[in-house]
Amino acid sequence: MKTDLRCRDLISDLDFSKEEVETILDVAFDLKRKRALGEPHPYLRDKVLAMLFFFSSTRTRGSFEAGMAQLGGHAAFIESRTTQISHGDTEKEMGEIFGRYFDGIAIRHVDWGIGNRYLNLVAEASRVPVLNMQCDFYHPHQCLADLMTIIEKKGRDLRGRRMVVSWAYASSYLKPISVPQSLILQMPRFGLDIVLTHPDEFKLMPEIMDQAREQARKYSTGFEVMDDMEAAFKDADIVYAKSWGPLLTTADPEKGKRIQDQYTDWITDERKIALAKQDAIYMHPLPADRNIEVTDGVIDGPHSVVFDEAENRMHVQKAVMALTMS
Ligand code: CP
């Protein structure tokens with residue numbers, strides 16, 4: 001167990017070693033048990049987390065805020081548009097100043113080409129940990145909750161399990177590519193064979209793909225890329241199918257939408273999920289475009305673990321906060 005996580009940032013999925021992620025998971029399972037038993041666990045009494053949002057959220061805000069209260073501290077919800085950032089507060093000023101008020105700074109900034117840079121610049125200037133609540137490249141706390149959920153459903157020994165990370169059609173907006181990128185980086189370290197599938201225009205960042213392949217080589221796991229949703233689903237143990245924008249092809253939202261609209265048949269429905277193993281689990285970080293990205297029958301059906309996955313956001317984030325902010 002690695003216990004020297006105090007004051008560490010979590011911005012990219014690989015910021016914590018495999019052993020450190022195992023520590024996070026151990027603590028998260030303990031905190032989940034304590035909450036189930038009603039045992040108080042005020043490890044962050046009198047500590048305050050700043051939660052700076054440049055984009056909307058349901059789960060991330062709710063789980064960080066509830067988590068901080070359960071740890072005996074407080075979370076301050078700050079929407080960027082209500083601050084002076086648009087009037088000149090720089091990343092350095094935010095890091096320096098919030099680092100003096102707060103015990104941790106959590107940030108969501110998903111603007112393409114801007115978000116990750118923003119978090120890193122704040123972190124450079126901050127004396128307290130910076131936690132990534134989702135940027136344009138990574139969604140590490142979502143990925144930790146996903147890993148915790150997979151372990152709950154499939155056990156600790158995941159070697160040989162087939163995890164499909166699939167693009168899916170959505171009509172609501174061009175979603176960030178951070179979730180699939182985090183998944184392909186983190187999951188090979190825990191033994192999962194990754195099958196990534198998407199139409200050609202929905203490629204992930206080449207440097208992330210290289211890092212993911214390197215992780216798969218290091219941990220001797222499978223890493224396959226294809227452009228066929230049905231072939232990918234065949235015999236899968238875990239189906240993680242969600243939409244993301246064609247950001248590497250075009251950053252123009254209208255052009256992106258036109259590309260996306262060619263692939264309306266990339267929906268997770270009852271016929272496709274039946275191609276996976278009988279006990280396969282269906283995962284999605286939510287929100288999902290119901291009956292567009294995934295049918296009601298699948299997301300509300302026996303394969304779906306989406307509510308446990310959403311709950312686990314809170315437990316893993318409490319573990320990260322307790323270990324980095326204490
Ligand atoms: N999964 C997730 O990050 O949800 P929110 O966008 O609602 O925070």
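General observations
- Among the residues listed as 319, 251, the single one being in contact (Cβ under 8 Å) with a residue 40 or more places away in the chain and closer than 30 Å to residue 4 by Cα: 319
- Checking each residue in segment 62-93 for being within 24 Å of the chain's Cα centre (by Cα) and of a type in the set (A, V, I, L, M, F, W, C) picks out 64, 66, 68, 69, 71, 75, 76, 77, 78.
- Only one of 84, 134 that is at positive phi and either at pLDDT 95 or above or in contact with a Gly (Cβ under 6 Å, 6 or more places away or on another chain) (or both): 134
- Top-ranked residue in segment 31-58 [being within 30 Å of residue 112 (Cβ to Cβ) and open to solvent by 60 Å² or more (accessible area, probe 1.4 Å); ranked as nearest to the ligand (Cβ to nearest atom)]: 58
- Test: residue 93 is within 16 Å of the ligand (Cβ to nearest atom) and surrounded by fewer than 23 Cβ atoms within 10 Å (Cβ to Cβ): no
- Within segment 156-171, the set of residues being under 29 Å from residue 287 (Cβ atoms) and either open to solvent by 20 Å² or more (accessible area, probe 1.4 Å) or not in a strand (DSSP E or B) (or both) comprises 158, 161, 162, 168, 169, 170, 171.
- Tally of residues being in contact with an Asp or Glu (Cβ under 7 Å, 6 or more places away or on another chain) and closer than 13 Å to residue 152 by Cβ across segment 295-307: 0
- Selection of helices (runs of 4 or more DSSP H) fully inside segment 270-326 by the criterion of at least 2 residues being within 15 Å of the ligand (Cβ to nearest atom) and buried (at least 21 other Cβ atoms within 10 Å of the Cβ) returns 306-325.
- Selection status of residue 216, open to solvent by less than 10 Å² (accessible area, probe 1.4 Å) and out of contact with any helix residue (DSSP H, G or I) (no Cβ under 7 Å at 6 or more places or on another chain): no
- The condition of being surrounded by fewer than 18 Cβ atoms within 10 Å (Cβ to Cβ), closer than 14 Å to residue 322 by Cβ and more than 16 Å from the ligand (Cβ to nearest atom) does not hold for residue 15.
- Any hit, segment 82-95, residues being of a type in the set (A, V, I, L, M, F, W, C) and in contact with a strand residue (DSSP E or B) (Cβ under 7 Å, 6 or more places away or on another chain): no
- Per the listing 72, 62, 67, the residue uniquely over 20 Å from residue 116 (Cα atoms), open to solvent by 20 Å² or more (accessible area, probe 1.4 Å) and within 16 Å of the ligand (Cβ to nearest atom) is 62.
- Selection of first residues in segment 47-59 that are at pLDDT 95 or above and of second residues that are open to solvent by 50 Å² or more (accessible area, probe 1.4 Å) and not β-branched (Val, Ile, Thr), restricted to Cβ pairs under 6 Å at least 6 apart or on distinct chains, gives the following pairs, ordered by first then second residue: 48/74; 51/77; 53/79.
- Against the conditions (1) assigned by TED's automatic domain parsing to the domain that holds residue 269; (2) part of a strand (DSSP E or B); (3) over 15 Å from residue 241 (Cβ atoms), residue 151 satisfies every one except (2).
The values are calculated or read from the model by the stated rules, or taken from the named source; none is laboratory data. The structure presented is a predicted model; accordingly, all values stated were derived computationally and were not measured. FYI the Cβ positions are ideal-geometry reconstructions off the backbone, even for glycines, and counts take in every protein chain you see. Quick note on the areas: whole protein, heavy atoms, side chains included, nothing else; ligands and nucleic acids left out. Shrake-Rupley method; radii C 1.70, N 1.55, O 1.52, S 1.80 Å.
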